[in-house]
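For reference, the structure is listed below as structure tokens.
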Amino acid sequence: MKHMVWYSNLAKLASRISGRPAAFAVAVGFIVVWGITGPLFDFSDTWQLVVNTATTIVTFLMVFLIQNTQNRDTEAMQIKLDELIRATKGAHNALLDLEEMEQAQLDEFHAHYEKLAREARAGLRPGHLNAPEPEQAATDNTVIH
């Protein structure tokens, strides 16, 4: 993993830089300069190819950058959610690291929680949006497989 630190650091730096207004301004400036130079090059195929190639390369690289950033953000969020589950009295620790389960297992969990949501909504008094206190909900002793 240590050999991938350079990529992680580069991706973090690039995402910080590319997400700033100055980066957008540079991109707009590039397009403006390209547009202004059109008459100088008689709007030639080469002139068009320059911007097409540049935007293709930038887009291609940004796909990997965005995916890396999204993966890191998602993993951090999952760790935080896992900690909240772990630290909450009455929470099912079986829900920790849920994103690593097979789809069939996820579907079982989803069906279970859909049922709990329907039951909770059915228990609401007309005209009220209050739900039972977390301690009441935590007494649900339903076993999750």
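A few points about this structure:
- Residue count for segment 81-107 under the criterion of being among the charged types (D, E, K, R) and surrounded by 14 or more Cβ atoms within 10 Å (Cβ to Cβ): the result is 1.
- Segment 94-106 residues that are farther than 14 Å from GLN78 by Cβ, paired with ones that are of a type outside the set (D, E, K, R) (beta carbon under 7 Å, 6 or more apart): ALA94/ILE144
- Counting the residues of segment 6-25 that are in contact (Cβ under 8 Å) with a residue 24 or more places away in the chain and part of a loop (DSSP other than H, G, I, E, B) gives 0.
- Matching residues, segment 58-80, being surrounded by 11 or more Cβ atoms within 10 Å (Cβ to Cβ) and aromatic (Phe, Trp, Tyr): PHE64
- TRP6 fulfils the conditions (1) modelled with pLDDT of 90 or more; (2) out of contact with any helix residue (DSSP H, G or I) (no Cβ under 6 Å at 6 or more places or on another chain) except for a single criterion, (1).
The values are calculated or read from the model by the stated rules, or taken from the named source; none is laboratory data. These numbers come from a predicted model, not from an experiment. Methodologically, a virtual Cβ is constructed for each residue, glycine included, from the backbone with ideal geometry; neighbour enumeration extends over all protein chains shown.
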